[in-house]
Ligand SMILES: CC(C)(COP(=O)(O)OP(=O)(O)OC[C@H]1O[C@@H](n2cnc3c(N)ncnc32)[C@H](O)[C@@H]1OP(=O)(O)O)[C@@H](O)C(=O)NCCC(=O)NCCS
């Protein structure tokens, strides 16, 4: 089954907040998303099942300033994970950012987040820095943040920005 990616607008704030709540312990509200999307150069994409009005499966939030961009958040609803949703969201975001003139995109990830790190490795990001003790831990020592960078098309990205069709099945 395929995944459809669309641009989020003001009518999607509730959907974005709902998806974020299902993906992160510290949930962002609709007001948070409204504030974030009002920042210059910021956009969100939504993924949904199939080609016509299927379930919302994931989101990505990105910001661009001049020729650099940053993925601010990305998440896939638990039942749809490991189905290519995040990969498809990243590929669409890369296309859009490159089209708008970005030559590189950055992301910051908790060193302990193995799933996200594998996703970013597979999507062409490489580690360029580390912030020790950046993430608060519920127990033990705070986790490191890893800063990763990916060149975008036209800047020696290599593998291009092909959009995976998605192999979406609820799991
Ligand atoms: C990280 C996250 C966004 C991945 O979303 P997803 O839609 O399941 O990812 P995809 O199906 O597109 O996976 C693409 C690749 O990423 C890697 N990957 C994704 N989840 C993985 C996991 N649990 N374990 C190992 N590798 C994983 C794999 O290489 C995978 O390719 P493969 O399935 O062909 O092996 C999702 O687990 C999530 O929402 N987590 C909670 C929120 C979060 O941590 N966001 C990132 C913050 S930096």
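The values are calculated or read from the model by the stated rules, or taken from the named source; none is laboratory data. Everything numeric here is computed off the predicted structure, so don't read it as measured data. Cβ coordinates were reconstructed from backbone atoms using ideal geometry, including for glycine residues, and neighbour counts include every protein chain displayed.
Checking each residue in the stretch 86-124 for being near the ligand (Cβ under 10 Å from one of its atoms), in a helix (DSSP H, G or I) and surrounded by 17 or more Cβ atoms within 10 Å (Cβ to Cβ) picks out 86, 87, 88, 89, 90, 91, 116, 117, 119, 120. For the stretch 1-16, a residue qualifies if it is within 16 Å of the ligand (Cβ to nearest atom) and either under 21 Å from residue 69 (Cβ atoms) or in a loop (DSSP other than H, G, I, E, B) (or both), and the qualifying residues are 1, 2, 5, 16.
One line per residue, one yes/no per condition, for (1) over 14 Å from residue 22 (Cβ atoms); (2) not in a helix (DSSP H, G or I):
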site: 36; (1), (2): yes, no
site: 40; (1), (2): yes, yes
site: 44; (1), (2): yes, yes
site: 53; (1), (2): yes, yes
site: 57; (1), (2): no, yes
site: 60; (1), (2): yes, yes
site: 63; (1), (2): yes, yes
site: 73; (1), (2): no, yes
site: 79; (1), (2): no, no
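Checked against (1) away from the ligand (no atom under 13 Å from the Cβ); (2) part of a loop (DSSP other than H, G, I, E, B); (3) over 27 Å from residue 34 (Cα atoms); (4) at pLDDT 95 or above, residue 83 passes all but a single condition, namely (1). Taken over the stretch 1-16, residues that are within 23 Å of residue 41 (Cα to Cα), surrounded by 14 or more Cβ atoms within 10 Å (Cβ to Cβ) and touching a strand residue (DSSP E or B) at 6+ places or on another chain (Cβ under 7 Å) amount to 6. Just to be sure before I move on: is residue 19 at pLDDT 95 or above, assigned to a helix (DSSP H, G or I), under 15 Å from the mean Cα position of the chain (by Cα) and surrounded by 18 or more Cβ atoms within 10 Å (Cβ to Cβ) in the structure I sent? Criteria met by residue 19.
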